[in-house]
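The next block holds one structure in the form of C-alpha cells; read it before the comments.
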Amino acid sequence: MISVRNLSVSFAKTQVLHDVSFEVAKGESFALVGESGSGKSTILKALAGQLKSWQGDLDIMDAPQGAGSKRDLARKVQMVFQDPYGSLHPRRTIDDTLGEPLAIHGIPDRDRRVLDMLDAVGLSRRFRFRLPHQLSGGQRQRVAIARALMLDPPVLLLDEPTSALDVSVQAEILNLLKALREEKGLTFLLVTHDLPVVSFLCDRLAILRAGRIEETTDVADLRSGQLSSAYGQELFRRSVDG
Amino acid sequence: MTTRSWLLSDDPETRMQARLGQFYRLARALLRNPLAMIGLGIIVLLLLVAAFAPWLAPYSAVQGDLANRLQPPSAAHWMGTDELGRDILSRVIFGARITLMIVLLVAVVAAPLGLLIGTVAGYFGGWIDRILMGLTDIFLSLPRLIMALAFVAALGPGIENAVIAIAITAWPVYARIARAEVLTFRNAEFLDAVRVQGASSARIITLHVMPLCMSSTIVRVTLDMAGIILTAAGLGFLGLGAQPPLPEWGAMISRGRSFILDQWWVATMPGFAIVIVSLGFCLFGDGLRDILDPKQRARG
C-alpha cells in the first residue's frame, strides 16, 4: 500500500532524514516512533505531498506519489493533524469544514454525506452548524477525523492524533480510530512518541532516531519488551518508568 | 420558541439560522456600544440626507440670488448664503451626495485591491512577497495628498479623477494590514489541511485566507473614511477635485476663505459637515473594531 525507499530530506543544509525505507501493507496499521526532531512528521508530510523537495521513492497504492495531480493524491491519502485547536478554520462552521473537500472535488450530495460522517465519528448532528470554538478538544479531533474521511481515502496519516488531548479523551479517540479502521478497512500510518498508543492501535512499528530507522519490528515484540536495538530498549524503559 | 432564542441557539438547524445567529450576535454587541451607535446614527443621517437631498434642500444648490449674497444665518437661510447668493444649507445637503459617492467609490476600489495584494503576498511569501511589498512600500513612502495631487494633475481635475487618485493612494495600507494578518496564520494546520485536500491556491486565498483578514480590513476602511473625506475635501480646496458649481464641501470651504474674517459662515458651515461626518465614521469604526475582535466575539 505504502512503500518508502531510501527517502532523504534536507531543509536548507541540515539533513533531517537519511535513507529511510519501510513498507506498509494494505489494511495494516504502522507506527513511526521517535522523539521530537527525529523526522517522523517529515515522512508524513512527504507522503501527503506537502514537501517541495526530497530524494528517494515514495509509492502509494503501487503508483509513485507524484504521478497524478494533487487532487488524485488527496483521494488516496488524507491526514489528521496533531493539534485540533489549530487544524480547524476558526471562522468556518463544522458543516463548512466537512463540506470543503466535497466542494473541491465536485462531489454531490453534500448534506447527506456530511450527516453520515457526523454519525460515523460519533458527533451529534446538532453540532453541524457550530463554530470550532464551541466544541471541546475531543469533539474537534472527531471533526478533524471526519474531514480526513470525507473523500474516502484508503490511507490515513495520523500525526500524533491524541497528544494534544486529555487522557480520558485520548482513549475515546483511539477507540474511534480503531473502530473506523475495522469498519472501512483503512491503512494507518501513525506518528507518535507514545508507546502504549502504538501497542493499542498498531500492528508493526519502526523506531526512528535522528532521521534514521533504528529497527522495524512487530508490535508483539514491543508488548513483550523484546526490542532489538539499544535505543528501542531505552524508549521502552522510559515508557514503562513513566 | 421566541425569535431571539432561535437566533441565539447553540445548535442551529440550518446554514441560514447559523449565519443569522452570528449576525444577530454582532448587531447586539454593536447596540451595546453607545459611541458606535452615535457614529452609526451620523452615517445613517448622511445616507438619508443624500438620498432625499432634492426634498430636504429648501433652495437650489447651484442657482443663487445675487441680491442676497453673503447673508448671515437667518430664518430664511439657516446657514446663510455665499458670495453668489446661494443657500449654504442646500449646498451642504447636496454636498452629502458627492461626499458619499467619493467615500464609497474609494472603498470599493481600494479595499479589495489592497486585500488581494496583501493576502497573495502573505500567503505565497518568497519573491512574490518581496515584489508586491516593495511596490506597496514605494506607494506608502509618498505622502498621500501629494500623490493624489500628482495623479489629479496628470489625469485632469474632476471628481472621478479625484476618486481614482485617492484610491491609488489608499490601497497600500490595506495590503500591509492584510499581509501582517496572513503572516500570523499562514503556517496554521487548517491551511495544511485544505492543501492536503487538493485545494488550489486561488481557492485557499479567497475562501480560507481572506475571510480571516476581512474584519481588520473593514475596520480599517471605516476608520479611513474620515481621511478619505478630508483628502477629497483637500483636493476640492486646492481646486483639483469637484469643479464649480458642484457643491463639494472642500471646494466650498476654499471659496469661503476669501471672506473668512467678515462672513465666517461661508467657510465654517461646510467645515462643520466635514467634521461631523468624519467623526461619525471614526466612532463607528472604533465600535466595529471592538466587536469584530475575535477574542471578544465568543461573548454572546
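The values are calculated or read from the model by the stated rules, or taken from the named source; none is laboratory data. Remember, it's a predicted structure, so these values are computed and weren't measured experimentally. Neighbour counts are summed over all protein chains in view; Cβ atoms, including those assigned to glycine, are modelled from backbone coordinates with ideal geometry.
Going through (1) within 14 Å of chain B (Cβ to nearest Cβ); (2) modelled with pLDDT under 90 one by one, residue A:77 falls short only on (2). What do you reckon, is residue B:4 at pLDDT below 85, within 14 Å of chain A (Cβ to nearest Cβ) and either out of contact with any Pro (no Cβ under 8 Å at 6 or more places or on another chain) or surrounded by 14 or more Cβ atoms within 10 Å (Cβ to Cβ) (or both)? For residue B:4, the condition - at pLDDT below 85, within 14 Å of chain A (Cβ to nearest Cβ) and either out of contact with any Pro (no Cβ under 8 Å at 6 or more places or on another chain) or surrounded by 14 or more Cβ atoms within 10 Å (Cβ to Cβ) (or both) - is not met.
Matching residues to (1) polar (S, T, N, Q); (2) more than 25 Å from the chain's Cα centre (by Cα):
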{"site": "B:203", "(1), (2)": "no, yes"}
{"site": "B:209", "(1), (2)": "no, no"}
{"site": "B:216", "(1), (2)": "yes, no"}
{"site": "B:220", "(1), (2)": "no, no"}
{"site": "B:240", "(1), (2)": "no, no"}
{"site": "B:248", "(1), (2)": "no, no"}
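For segment A:142-156, the set of residues classified as touching a Ser or Thr at 6+ places or on another chain (Cβ under 8 Å) and closer than 13 Å to residue A:81 by Cβ consists of A:143, A:144, A:147, A:156, listed by residue number. Scanning segment B:196-214 for residues that are more than 9 Å from chain A (Cβ to nearest Cβ), under 25 Å from residue B:107 (Cβ atoms) and not hydrophobic (A, V, I, L, M, F, W, C) gives a single hit, B:206.
Residues in segment B:32-67 that are surrounded by 18 or more Cβ atoms within 10 Å (Cβ to Cβ) and not hydrophobic (A, V, I, L, M, F, W, C): B:33, B:39, B:59, B:64.
Pairs meeting the criteria (first residue in segment A:83-98 and more than 8 Å from every other protein chain (Cβ to nearest Cβ) and closer than 10 Å to residue A:132 by Cα, second residue charged (D, E, K, R) and assigned to a loop (DSSP other than H, G, I, E, B), beta carbons under 6 Å, at least 6 apart or on different chains) are A:94/A:128; A:94/A:130.
Only one of the numbered conditions (1) at pLDDT 90 or above; (2) closer than 30 Å to residue B:290 by Cα; (3) more than 15 Å from the chain's Cα centre (by Cα) is not met by residue B:145, and that is (1).
Would you mind telling me which numbered condition in (1) out of contact with any helix residue (DSSP H, G or I) (no Cβ under 6 Å at 6 or more places or on another chain); (2) modelled with pLDDT of 90 or more; (3) hydrophobic (A, V, I, L, M, F, W, C) residue A:236 fails? For residue A:236, the exception is condition (2). When the residues of segment A:40-65 are filtered to those that are surrounded by 15 or more Cβ atoms within 10 Å (Cβ to Cβ) and assigned to a strand (DSSP E or B), the one that is nearest to the other protein chains (Cβ to nearest Cβ) is A:60. Scanning segment A:162-171 for residues that are out of contact with any helix residue (DSSP H, G or I) (no Cβ under 6 Å at 6 or more places or on another chain) and touching a residue at least 40 places away in the same chain (Cβ under 8 Å) yields A:163, A:164.
Considering segment B:175-194, the residues that are within 13 Å of another protein chain (Cβ to nearest Cβ) and out of contact with any helix residue (DSSP H, G or I) (no Cβ under 7 Å at 6 or more places or on another chain) include one that is farthest from residue A:78 (Cα to Cα), namely B:184.
Each row is one residue, and each column tells you yes or no for (1) under 18 Å from the mean Cα position of the chain (by Cα); (2) modelled with pLDDT under 85.
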position	(1), (2)
B:66	no, yes
B:106	yes, no
B:115	yes, no
B:125	no, no
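Quick one: in segment A:99-118, of everything that is facing chain B (nearest Cβ under 8 Å) and assigned to a helix (DSSP H, G or I), which residue is farthest from residue A:162 (Cα to Cα)? Looking at the filtered set, the residue picked out is A:104. The number of residues in segment B:226-251 that are surrounded by fewer than 23 Cβ atoms within 10 Å (Cβ to Cβ), part of a helix (DSSP H, G or I) and out of contact with any Gly (no Cβ under 7 Å at 6 or more places or on another chain) comes to 3. Which residues, counting only those in segment A:119-140, are within 12 Å of another protein chain (Cβ to nearest Cβ) and either in contact (Cβ under 8 Å) with a residue 60 or more places away in the chain or in a helix (DSSP H, G or I) (or both)? Matches in segment A:119-140: A:125, A:126, A:127, A:132, A:133, A:134, A:140. Checked against (1) modelled with pLDDT of 85 or more; (2) within 24 Å of residue B:170 (Cα to Cα); (3) not hydroxyl-bearing (Ser, Thr, Tyr), residue B:267 passes all but a single condition, namely (2).
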